[in-house]
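The block underneath contains the structure these notes are about, expressed in structure tokens.
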Amino acid sequence: MLARSIADGRFGEGSTLPREQDLCTEFGVSRPVVREALKRLESKGVVRSRSRAGTFVRPRGEWNILDADLLDWMGEVVIDAQFLAAVLEARRAVEPFAAELAAERASLADAAALHAAWEAMRDAAPDDDVAFTQADAEFHRILLRASGNAVFTQLSDVIDAALTRALDRANRSVRTHQETVEVHGRLVEAVRMRDGAAAREASEAILHTAARDLSRWKSQTTQIVLE
């Protein structure tokens, strides 16, 4: 609740949070609970404590918005069009090259795992966006790992929570996942055939589809607000 209050702007950037006792009263919790909450928020870059000066809210640009806990706590407040666009830009910078490397370096186990994730996407029930997104996210985790690049593998762990939420928004914006399944299948086949150029092209097609679906999500969200 405190994280959401900060994200909502109730406690703006640079403002000092109420005293611990006042936070205890407002949220109906003990002082140890408040202290632990503040400690966790500080570890994620949201607040900073200063001796005798209290705890103040750090600029939003300093928050660790890729942190899974923070995304859960703050929800739609931080998962907006700008955030999703930033995730897509990061994917465009990394995934096509990772796909090309995967076509060259993937082990038989990696290729099999990638195919299995694609099958899970293909076989998800038409109305089960959760299962589809879980398989979709797993596909991209495996792809980065299959690149054989240790930095890409570590990056997968860092952006996993943000990527999953971006995929969720894109996947929920469409009535059918058929096209998404198709373009992912092209990447699976390119990796199997060790065709780096085809793998890069398929990855770029995946990202093009994601950009279109996120644009649709943004339009749908705007329409809901207007109504």
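The values are calculated or read from the model by the stated rules, or taken from the named source; none is laboratory data. Quick caveat: nothing in here was measured; it's all calculated off a predicted structure. Ideal geometry is used to build each Cβ from the backbone, glycine not excepted, and the neighbour counts take in all protein chains shown. These accessible areas exclude ligands, DNA and RNA; they are computed on the full protein's heavy atoms, side chains included. Shrake-Rupley method; radii C 1.70, N 1.55, O 1.52, S 1.80 Å.
Numbers below:
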| item | result |
| --- | --- |
| Matching residues, the range 68-102, being charged (D, E, K, R) and open to solvent by 30 Å² or more (accessible area, probe 1.4 Å) | Asp69, Asp72, Glu76, Asp80, Glu89, Arg92, Glu100 |
| Whichever residue in the range 39-82 is among the aromatic types (Phe, Trp, Tyr) and either at pLDDT 85 or above or in contact with a strand residue (DSSP E or B) (Cβ under 9 Å, 6 or more places away or on another chain) (or both) and, among such residues, is nearest to Trp217 (Cα to Cα) | Trp63 |
| Hey, Arg165 open to solvent by 40 Å² or more (accessible area, probe 1.4 Å), within 14 Å of the chain's Cα centre (by Cα), among the basic types (Lys, Arg) and under 30 Å from Arg40 (Cβ atoms) or not | yes |
| Those residues of the range 57-67 which are open to solvent by 50 Å² or more (accessible area, probe 1.4 Å) and free of Cβ contacts under 8 Å to residues at least 60 places away in the same chain, in sequence order | Pro59, Arg60, Gly61, Glu62, Asn64 |
| Ser173 being at pLDDT 95 or above and of a type in the set (S, T, N, Q) | no |
| All positions within the range 1-25 that are farther than 18 Å from Trp73 by Cα, assigned to a helix (DSSP H, G or I) and open to solvent by 50 Å² or more (accessible area, probe 1.4 Å) | Glu20, Gln21, Asp22, Thr25 |
| Residue that is farthest from Val94 (Cα to Cα) [pool: residues in the range 150-162 that are in contact with a helix residue (DSSP H, G or I) (Cβ under 6 Å, 6 or more places away or on another chain) and in contact (Cβ under 8 Å) with a residue 40 or more places away in the chain] | Ala161 |
| Of all residues making up the range 114-158, the number that are in contact with a His (Cβ under 9 Å, 6 or more places away or on another chain), among the hydrophobic types (A, V, I, L, M, F, W, C) and not in a helix (DSSP H, G or I) | 1 |
| Residue list for the range 26-43, restricted to those being assigned to a helix (DSSP H, G or I) and out of contact with any helix residue (DSSP H, G or I) (no Cβ under 6 Å at 6 or more places or on another chain) | Glu26, Phe27, Pro32, Val33, Arg35, Glu36, Leu38, Lys39, Arg40, Leu41, Glu42, Ser43 |
| The range 10-22 residues that are within 15 Å of Ser49 (Cβ to Cβ), paired with ones that are basic (Lys, Arg) and surrounded by 13 or more Cβ atoms within 10 Å (Cβ to Cβ) (beta carbon under 8 Å, 6 or more apart) | Glu20/Arg35 |
| Residue match in the range 46-56 (condition: within 24 Å of the chain's Cα centre (by Cα), loosely packed, with under 15 Cβ neighbours inside 10 Å and under 30 Å from Ala137 (Cα atoms)) | no |
| Every residue from the range 163-219 that is assigned to a helix (DSSP H, G or I), in contact (Cβ under 8 Å) with a residue 40 or more places away in the chain and either among the small types (Gly, Ala, Ser) or touching a Cys at 6+ places or on another chain (Cβ under 6 Å) (or both) | Ala166, Ala170, Gly185, Ala190, Gly196, Ala197, Ala198, Ala199, Ala202, Ser203, Ala210, Ala211 |
| Condition met for Ala135 (exposed (fewer than 15 other Cβ atoms within 10 Å of the Cβ) and either of a type in the set (A, V, I, L, M, F, W, C) or in contact (Cβ under 8 Å) with a residue 60 or more places away in the chain (or both)) | no |
